[in-house]
Amino acid sequence: MEMMSSIVVAGAFMAALGTLLAWLLAVANKRLHVYEDPRIAEVEEMLPKSNCGACGTAGCRNFAEQVVAGDIIPAKCTVNAPEMNAYIASFLGVSMGEVEKQVARLACAGGSHVAYVRANYKGLGTCRAAATVSGGGKACAWGCLGLGDCEVVCDFDAITMNQFGLPVVDADKCTACGDCVDVCPKDLFSLQPVSHKLWVACKSRADGDVSEAQCQVACTACGKCVMDAAPGLIRLDNNLAVIDYAKNPLASPVAIERCPTGAIVWLDDGQALRGREAKKIIRIEALPVRANVV
Amino acid sequence: MILPLAQHIGKPAVPLVRAGQEVIRGQPIARAEGFLSVPIHAPADGVVEAIELKPSARGPMVECIVLRVYEASTQEIRWSEPRDLDALSPKELIQAIQDTGMVGLGGATFPSHAKLSVPAEHKIHTLIVNGCECEPYLTCDHKLMREHPDDLMTGARLAMRAIGAERAIIGVEDNKLDAVEAIRRCLPADGRITLQVVPTKYPQGAEKMLIKSLLDVEVPPGKLPMHVGVVVNNVGTLIQLGQLLPAGQGLTERVVTVTGPGIKKPGDYWVPIGTPMRTVLEWAGAPDVSERSIILGGPMMGQAVASLDVPVTKGVSGILVFDQRQIERTAASKSYPCIKCGECVKVCPMGLNPSMLGMLAAQREYDAMGEHYHLGDCFECGCCTYVCPSHIPLVQQFRVAKGILREQAA
């Protein structure tokens, strides 16, 4: 009898406690409820969920919130197929908007067959690590180290290293997320609209003679492209030709014609065209290590 | 001669000269920019050829003053403003130290005046004079202690005045007993400067290790020696201060240990700052420098250099040249996966876990390294990499990780 009553008391107590807590939860659920637009979750489902950051938001969820709020246009997602973005636009009843396609571009053409190396680097096989050891041993202090940090970091397999140890960007696969831009220790990548066809594939700020001794395809700041191009399109800055892309509509392949090293190129259909007067590079094997490059 | 504007930690100096201008030995040619910066003095009589980009030991091209030296340039320093140091207040003394362009000559190149200006809330009781060589192979401090103990006393007294310390302890390793003898003869009678012999081991010359050996005090993680009332200075720094301050001159030369199997005439040389490495190596007899590996600093923490046009800067304590055989040996040592033997944990002087840090670095988990495994306390002594039976380049991974964390913080 004694035992029965304690079981009943305990059972009743637990039931009462359960009811009370359930009631508290029910009230909290009502009172503290935060309304969320159900469209956000649906739009998120339509996104690639790669969280690459190419759109400039913190991730796909954040992008969905901003699209629904009307702060960003659906076309900003460069990873999605255009049809999917159009579907998101029609789902939300907004216009898809237009964004010019951007790709990552490397401002260096100094592969192992044209750029001298002054010391062998031995150590951890990443560009980042090599750059901490006397800059990696390449004669040109600005040049690509060719150890492929960008290839590893690219989530979309858009970057492959070619036989000269230079990264090649597949423009179709590139979503312009900017991961390669961040990872390159020499800051050689930048995101460029595809309409920017005139391109200086060199970042060497060294004096013309020095940079040409270090790399056969370096910009020597001779100024021929500046003279040939539309006025103001190209200027020389710190021993380097710099293109003013605000004047991009004026750009034409004329500027590259007389470039002696072929450092300035015209990019068309994934091909980099070098000028007619640019020296021909026939060599394909790597240059030997030369300690005494200037 | 090539004089980089940034030879110290802090803001680069600002040039005071133009291309084409003639300078005399000892003349200031660049002024300090702000507090954490030091001036640069001309190391020889000559004419400024240009101020342009030149290769640096770290890799990137840096802004340098290029000086063409006159053949008739003398060893005599021809620019000085002698001052009555006894009349100076500690604050003026700090300014005078900044004017000498002095930095930590052990290799850290932290401006000396900044190290000696202690915030008022920290009371400094002891100046520790670091007479332990930073690394194996280096003998520059040993040489200086043996030959200039009197200047060391002058420098130590001035530093004590600047920081308001009551006493100074000179810590010397027990393999340099001739230096101990030389210093002992110069010790002052008032007993404020004492000398203590410590066991020879690496890294005895690291600040925190030396404090532990001499005072049995541990500097807490993330804190500086000043938090325990101590300031540590290298003997080389104090000896040079003892010479330069009374004469009112600037730092124009330093002792560099040039050694290694690839050197014919190894030794400690007084080298004017700004001398290209090529010149130093020619002088010391390094016949064919290609096919060799050249390291600035010591073998454990030094920096391999890719270019011989790199100049000797204020922080270069040694130039080591290794020959082909040793290069092949290191090249053959391929790195294997961690076998968790724990050797690195045993040798880490800071009590860190290099094995775990290494695995995190391989996974690019840099935040965890910084937050949970005290990466910031690692001073890159290189012991873990040295003992690792799998030849994992741990310190290089840590350097990369630290660089990335610094970038993220900025």
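Exactly one residue among B:L224, B:L245 is touching a Gly at 6+ places or on another chain (Cβ under 9 Å) and not polar (S, T, N, Q), and that residue is B:L245. Summed over the stretch A:46-82, residues that are of a type outside the set (F, W, Y), at pLDDT 90 or above and part of a helix (DSSP H, G or I) total 13. Looking across the stretch A:94-124, the residues that are among the basic types (K, R) and in a loop (DSSP other than H, G, I, E, B) come down to A:K101, A:R118, A:K122. On inspection, A:V153 qualifies as closer than 21 Å to A:C52 by Cα and within 14 Å of chain B (Cβ to nearest Cβ).
Residues in the stretch B:377-398 that are out of contact with any Leu (no Cβ under 8 Å at 6 or more places or on another chain), surrounded by fewer than 19 Cβ atoms within 10 Å (Cβ to Cβ) and assigned to a helix (DSSP H, G or I): 2 in all. Within the stretch B:216-241, restricting attention to residues that are touching a strand residue (DSSP E or B) at 6+ places or on another chain (Cβ under 7 Å) and assigned to a helix (DSSP H, G or I), the residue that is farthest from B:G298 (Cα to Cα) is B:P225. Within the stretch A:97-130, the residues that satisfy the criterion of being within 14 Å of chain B (Cβ to nearest Cβ), under 20 Å from the mean Cα position of the chain (by Cα) and not hydrophobic (A, V, I, L, M, F, W, C) are A:T126, A:R128. Looking across A:V133, A:V94, one residue alone is more than 24 Å from the chain's Cα centre (by Cα) and crowded, with 21+ Cβ neighbours inside 10 Å. It is A:V133. The residues of the stretch A:235-288 that are within 14 Å of chain B (Cβ to nearest Cβ) and touching an Asp or Glu at 6+ places or on another chain (Cβ under 9 Å) amount to a single one, A:N239. Here A:S90 passes the criteria (1) in contact (Cβ under 8 Å) with a residue 24 or more places away in the chain; (2) more than 14 Å from every other protein chain (Cβ to nearest Cβ) except the one numbered (1).
Scanning the stretch B:292-309 for residues that are part of a loop (DSSP other than H, G, I, E, B), crowded, with 24+ Cβ neighbours inside 10 Å and either within 9 Å of chain A (Cβ to nearest Cβ) or over 14 Å from the mean Cα position of the chain (by Cα) (or both) returns B:V305, B:A306, B:S307. If you check B:K123 against the conditions, is it outside the structural domain of B:C383 (by TED's automatic domain parsing) and assigned to a loop (DSSP other than H, G, I, E, B)? Yes. Tallying residues that are within 15 Å of A:A129 (Cβ to Cβ) and hydroxyl-bearing (S, T, Y) within the stretch B:359-410 yields 2. Within the stretch A:131-142, restricting attention to residues that are part of a loop (DSSP other than H, G, I, E, B) and facing another protein chain (nearest Cβ under 7 Å), which residue is nearest to A:H113 (Cα to Cα)? Among them, the one singled out is A:G137.
Just to be sure before I move on: is B:V66 over 26 Å from the mean Cα position of the chain (by Cα) and either free of Cβ contacts under 8 Å to residues at least 12 places away in the same chain or assigned to a strand (DSSP E or B) (or both) in the structure I sent? So B:V66 does not fit the description; no.
Among residues of the stretch B:86-102 being of a type outside the set (A, V, I, L, M, F, W, C) and not in a helix (DSSP H, G or I), the one that is farthest from B:E33 (Cα to Cα) is B:S89. On the basis of being farther than 21 Å from B:Q204 by Cα, small (G, A, S), modelled with pLDDT under 90 and crowded, with 17+ Cβ neighbours inside 10 Å, does B:G358 make the cut? Answer is no for this residue.
Among the residues making up the stretch A:48-65, those that are surrounded by fewer than 19 Cβ atoms within 10 Å (Cβ to Cβ) and either among the hydroxyl-bearing types (S, T, Y) or without any contact (Cβ under 8 Å) to a residue 24 or more places away in the chain (or both) are A:K49, A:S50, A:N51, A:G56, A:A58, A:G59, A:R61, A:N62. Restricting the search to the stretch B:381-394, which residues are among the hydrophobic types (A, V, I, L, M, F, W, C), within 23 Å of B:E207 (Cα to Cα) and more than 10 Å from chain A (Cβ to nearest Cβ)? B:C381, B:C383, B:C384, B:V387, listed by residue number.
The values are calculated or read from the model by the stated rules, or taken from the named source; none is laboratory data. Values in this document were obtained by computation on a predicted structure and should not be read as measured data. Note that each Cβ is placed from the backbone with ideal geometry, even for glycine, and that neighbours are counted across all protein chains shown.
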